[in-house]
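Here is the structure we will look at.
The values are calculated or read from the model by the stated rules, or taken from the named source; none is laboratory data. All figures in this text were calculated on a predicted structure; none of them were measured in a lab. Cβ: placed from backbone, ideal geometry, glycine included. Neighbour counts: every protein chain shown. Accessible surface is based on the protein model in full, side chains and every heavy atom, while ligands, DNA and RNA are left aside. Shrake-Rupley method; radii C 1.70, N 1.55, O 1.52, S 1.80 Å.
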Amino acid sequence: MHVPLLDLKLQYATLQAELEVAVLKVMRETRYILGPEVSELEAALVKYTGARHAIACSSGSDALLLALLALDIGAGDEVITTPFTFFATAGAIARLGAKPVFVDIDRATFNINPAHISAKITRRTKALLPVHLYGQCADMDALLEFGLPVVEDAAQAIGARCRPQPGWATVSDRALNPTEGLKANNANLQSPSVPCDWRSAGTMGTIGTFSFFPTKNLGGAGDGGALTTNDDRLAARLRALRVHGSERRYYHDEVGLNGRLDTLQAAVLLVKFRHLDAWTAARQRNADRYTDRLRRISQLQTPISAHTSFHVYNQYTIRTAHRDALREYLTQAGIGSEVYYPVPLHLQKCFAALGHKPGDFPEAERAAAEVVSLPIFPELTGLQIDYVAETVAKFVKSV
Ligand SMILES: Cc1ncc(COP(=O)(O)O)c(C=O)c1O
C-alpha cells in the first residue's frame with residue numbers, strides 16, 4: 001500500500017468542476033488585482049473566525065511582516081517567540097531589524113511555554129509572537145496576561161479554537177477521544193456561519209496571521225495569506241500597508257509592501273472554504289483513529305491535545321527517540337512522513353549572531369530530534385490509517 005504524506009490530487013478531483021468555474025470567471029472578468037473575490041474571502045473569514053476585520057494578503061510570511069509593521073516594530077525592538085516553528089515566524093521579526101527573543105516550548109503541546117516568558121521581557125519587548133503549532137492553540141490566556149500586544153501566528157490553525165473560560169470540558173471528558181468532549185459541547189462548530197463561544201485562533205490577540213500555502217487546512221493554488229484583527233485602526237493600517245502604505249493610489253503615508261492576495265487565489269479559496277469544516281472533522285477523525293491505535297505503545301508519544309483546545313490537526317505529530325529509523329522504515333513501507341522542524345530556530349545559521357548554543361532551549365531541541373508527522377489529510381481511508389499505524393507498531397517492536 002502507498003500512503004503519501006499529502007495527496008492534493010484527490011482533493012482536486014472532488015472540487016474540479018467548482019474550481020474550474022471559479023477560476024474561469026476570474027480569467028474572463030480580468031479583475032486580477034483586488035477583485036471582488038478578495039473582499040468576499042475577507043467577509044467569509046470574518047464570519048468564520050468571528051474577528052471584526054480580515055485582510056487578505058500574499059502569504060503567511062507577508063502576513064507576519066505586515067502585522068509587525070502595523071505594530072511599529074523595527075530596529076532595536078524585541079519580539080518574544082518560539083524557536084520551534086517554521087522559519088517565517090522569526091524571519092519576519094529579523095527582516096524588520098528587530099530581535100527575535102526565543103522562549104522554550106511546552107513539552108506536551110510544542111507551543112511556547114508562558115512560564116518562561118517573564119524572564120525574557122525587557123524595556124525593548126514590543127510584542128509576543130506565539131504560534132499555534134500543528135493546528136493547536138498556544139496558551140492564549142496565559143500569554144494575554146503579560147499585557148503586551150500579541151500577534152498570533154495561526155498559519156497552521158485556521159478553525160482551531162480555545163474555550164472561553166475554565167470549567168467547561170474536563171480532561172476526563174476527553175481522555176479517550178481528544179475531540180469528542182469538545183464536539184459534544186460544541187455542536188455549532190460544524191457551521192462556520194454560526195457564532196461559537198469558543199474563541200477562534202487569530203482573534204484572541206491583537207492581530208492574527210494565516211497562511212493559505214497549499215498544504216494548509218485551507219490551501220490555495222499557490223501562495224496566499226490573511227490577517228485578522230478586532231482593532232479598526234490596525235485594520236485600516238494593514239490594508240494600506242498591503243499596497244505600499246497607500247490608502248489613496250499614488251499617495252504613500254508610509255512604506256509598506258506589495259502584499260496583496262491575487263483574485264485568482266481568492267476565488268480558489270472561496271470554493272475550498274465551503275469544505276473546510278468537513279475537512280477539519282475528517283482530520284480529527286483520522287487523528288482519533290491513529291491515537292486509538294498508537295496510544296498504548298510506550299515508546300511513542302501521540303499528540304496531546306489540551307482539554308481547553310479544539311485541535312484542527314494540520315499535522316498529526318508523534319514523537320519517539322528512534323525518529324530517524326522510524327522514518328526510514330515508513331519510507332520502505334511506502335508511507336510518507338515529514339519532520340516539522342528538524343532544526344530549532346535558535347540554532348539556524350542565520351541567527352548565529354544571537355549567540356545561542358545547543359542546550360539553550362532543551363524542549364525545542366528534543367522535539368526537533370524526536371518529532372515526525374504522519375499522513376493526516378482528510379481523504380485518507382481508514383485502511384490507510386490502519387496500515388500506517390500497524391507499520392509504526394511493527395517498527396517499535398523491532399527496535
Ligand atoms: C507557523 C508558520 N508560520 C508562517 C508560515 C508562512 O506561511 P507562507 O508559507 O504562506 O508564507 C508558515 C507556513 O508554512 C507556518 O507554518
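The residues neighbouring LEU66, those whose beta-carbon lies less than 13 Å from its own, together hold a net charge of +1 under the Lys/Arg +1, Asp/Glu -1 convention.
Remark on the range 284-399: ratio of C-alpha radius of gyration to 2.2 N^0.38 Å is 1.16.
Computed with every protein chain present, the accessible area of LYS216 is close to 40 Å² [probe 1.4 Å]. Computed over protein heavy atoms with a 1.4 angstrom probe, the accessible surface ordering of GLU328, GLU370, GLU254, largest first, is GLU328, GLU254, GLU370. Sorting MET140, MET1, MET204 by accessible area puts them as MET1, MET204, MET140; the probe is 1.4 Å, largest comes first, and only protein heavy atoms count. Stokes-Einstein, applied to the Kirkwood radius of the range 210-285 over Cα pairs at a viscosity of 1.567 mPa s and 4 °C, places its translational diffusion at 92 µm² s⁻¹. Treating each Cα of the range 1-118 as an identical point scatterer and summing with the Debye formula, the log10 of I(q)/I(0) at q = 0.13, 0.22, 0.24 Å⁻¹ comes to -0.83, -1.20, -1.26. Looking at the chain, the DSSP beta bridges with both ends there are about 60 percent antiparallel. Among the protein heavy atoms of the range 283-399, carbon and sulfur supply 53% of the accessible surface, probe 1.4 Å, non-protein parts ignored.
Under conditions of 25 °C and 0.890 mPa s, the range 11-51 yields 211 µm² s⁻¹ as its translational diffusion coefficient, taking Rh as the Kirkwood radius over Cα pairs in the Stokes-Einstein equation.
Per-residue SASA remark: HIS53, around 40 Å² accessible (1.4 Å probe; ligands, DNA and RNA not included).
What separates the Cα centres of the range 358-385 and the range 59-94 is a distance of 24 Å. Each Lys or Arg adds one and each Asp or Glu subtracts one; over the other residues with Cβ under 15 Å from the Cβ of PRO362, this totals -2.
Remark: accessible surface ordering of TYR32, TYR340, TYR290 (largest first) is TYR32, TYR340, TYR290, probe radius 1.4 Å. Total lysine pairs in the chain at Cα distances under 23 Å, for residues eight or more apart or on different chains: 17. Taken over the alpha carbons of the range 220-341 as equal point scatterers, the Debye sum produces base-10 log I(q)/I(0) values at 0.10, 0.12, 0.17 Å⁻¹ of -0.57, -0.74, -1.01.
Please report, to two decimal places, log10 I(q)/I(0) for the chain at q = 0.10, 0.13 Å⁻¹ as given by the Debye formula with identical point scatterers on the Cα atoms and no solvent. For the requested q values the scattering log ratios are -0.65, -1.12. Counting only Cβ charges, +1 for Lys and Arg and -1 for Asp and Glu, the dipole size of the chain around its Cα centre is about 140 debye.
With K and R counted +1 and D and E -1, the other residues having a Cβ less than 14 Å from that of GLY76 yield a net charge of +1.
In the full protein context, the chain carries 43 Å² of accessible surface per residue, based on a 1.4 Å probe and ignoring ligands, DNA and RNA.
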